[in-house]
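A.B. asks: This is the structure, below, for whatever I ask next.
Values quoted throughout were computed directly from the atomic coordinates according to the rules given, and no laboratory measurement underlies them. In this text, all values refer to a predicted model and were calculated from it rather than measured experimentally. Here Cβ is always computed from backbone atoms with ideal geometry, including for glycine, and neighbour counts include all displayed protein chains.
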Amino acid sequence: MIKTKLVVVVCFFISSLTVFSQEIQEDVKGKDFIIKDLKSLSFYGGTIFQFTTLDNDFSFFVGGKGGVAFNRKVLLGFEGYTLKSSNTSKDNHSKELSFTYGGVFVGYVFDLGPKVQLVPTVLSAWGRIGEREVEADGDYVFFKVTDDLFVLQPELELEINVIKGFKIGLGVNYRLSTGVDSRNYVNDDISGLGGSIAFKFGKF
């Protein structure tokens, strides 16, 4: 008698589990997910050259970007830049401006064709500006003035497939800087329109 009841319970459990599994599969079929499986994830990185202005002077930044693409559409990653051009200080030409910023970006890929994509992104970053003195032999001494700030940088990029695993991006952006409270600079001095060229490598 006990064996019969045990067999009935086991059969009921198995049949219930089968029905429940079928319902889950049917429910999943009717939905779409950002991450369907690990194959939908792709990783990439690259170098960025950015041309812009600081305090109305031409400025050149070198940066990097690395991230992950979900289903080759939704982008998430890290991005950062360092000022490489020689920008003199407002009040003293023996000092040069230093500026570094970096943070997290999000974006989305719109396919314009088999070889071209339009990629809008937004970078939210923390940064620091400073002034450093330049000695006669060209060496730098320690920073004299530093100031922390927040940067919001939207960008619209035209991405071109060159070969498998390599893309070139041509972008236009605007760097909106807030929190600048130094002796010589205000937010508008550190904000500005810019252009960029990016060389990206990875599984796209």
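A.B. asks: Just name one of F78, G46, V68: the one whose Cα is farthest towards the positive end of the charge dipole of the range 46-99 (beta-carbon charges, Lys/Arg +1, Asp/Glu -1).
C.D. replies: Highest projection toward the positive end goes to V68.
A.B. asks: Tell me, what is the FRET efficiency for V172 and W126 to the nearest 0.05, using R0 = 30 angstrom and their Cβ-Cβ distance as r?
C.D. replies: 0.85
A.B. asks: Calculate one ³J(HN,Hα) per residue across the range 48-57 by plugging θ = phi - 60° into the Karplus curve 6.51 cos²θ - 1.76 cosθ + 1.60, and present them in order as whole Hz with x for glycine and proline.
C.D. replies: Coupling constants for the range 48-57: 10, 10, 10, 10, 7, 10, 10, 6, 6, 10 Hz.
A.B. asks: Grab the other residues whose beta carbon is less than 13 angstrom from that of L152, score K and R as +1, D and E as -1, and report the net.
C.D. replies: Summing Lys and Arg as +1 and Asp and Glu as -1 gives -1.
A.B. asks: Right, next: At q = 0.16 Å⁻¹, what base-10 log of I(q)/I(0) does the Debye formula yield for the range 141-199 when every alpha carbon is treated as an equal point scatterer in vacuo?
C.D. replies: Debye output, listed in q order: -0.65.
A.B. asks: While we're here: Given H placed on each backbone N at 1.01 Å, which residues far from S89 in sequence or on other chains put an amide H within less than 5 Å of it?
C.D. replies: When sequence neighbours closer than 5 places are left aside, the close amide H contacts are K95, E96, L97.
A.B. asks: Express in nm, to one decimal, how much length is gained between I160 and F51 on full extension, taking 0.36 nm for each residue of separation and deducting their alpha carbon distance.
C.D. replies: So the chain would gain 37.3 nm between I160 and F51.
A.B. asks: Tell me which residues come under 5 Å, amide H to amide H, from K84 once H is placed; ignore anything under 5 positions away on its chain.
C.D. replies: For K84, whose amide H was placed from the backbone, the distant partners under 5 Å are F60, F61, V62.
A.B. asks: What is the extension gain from E133 to V116, computed as 0.36 nm multiplied by their sequence separation minus the C-alpha to C-alpha distance, in nm to one decimal?
C.D. replies: 1.6 nm
A.B. asks: Given the Cα atoms of the range 70-112, and with Rh set as the inverse mean 1/r over their pairs in the Kirkwood sense, what is Rg to Rh to two decimals?
C.D. replies: Result for the range 70-112 is an Rg/Rh of 1.30.
A.B. asks: Go ahead and collect, in residue order, the members of the range 59-74 whose backbone nitrogen is under 17 Å from a label point 7 Å along the Cα-Cβ direction of L41.
C.D. replies: Label zone hits: 66-74.
A.B. asks: Something else: Kindly flag which residue pairs out of K84/K164; K115/K167; K84/K167; K115/K200; K115/K203; K65/K115 have an alpha-carbon separation exceeding 19 Å in this structure.
C.D. replies: Beyond 19 Å: K84/K164; K84/K167; K65/K115.
A.B. asks: Let me ask another. State the extension gain, in nm to one decimal, for the chain segment bounded by T100 and K84, taking 0.36 nm per residue of separation less the distance between their alpha-carbons.
C.D. replies: 4.8 nm
A.B. asks: With θ set to phi - 60°, apply the Karplus curve 6.51 cos²θ - 1.76 cosθ + 1.60 along the range 104-117 and write out the HN-Hα couplings as whole Hz, x wherever there is a Gly or Pro.
C.D. replies: Calculated HN-Hα couplings, in order: 10, 10, 10, x, 8, 9, 10, 7, 9, x, x, 10, 9, 10 Hz.
A.B. asks: Taking θ = phi - 60°, what integer Hz values does the Karplus form 6.51 cos²θ - 1.76 cosθ + 1.60 yield along the range 171-186, in sequence order, with x for Gly and Pro?
C.D. replies: x, 10, 9, 9, 9, 9, 9, 9, x, 6, 9, 8, 5, 10, 10, 10
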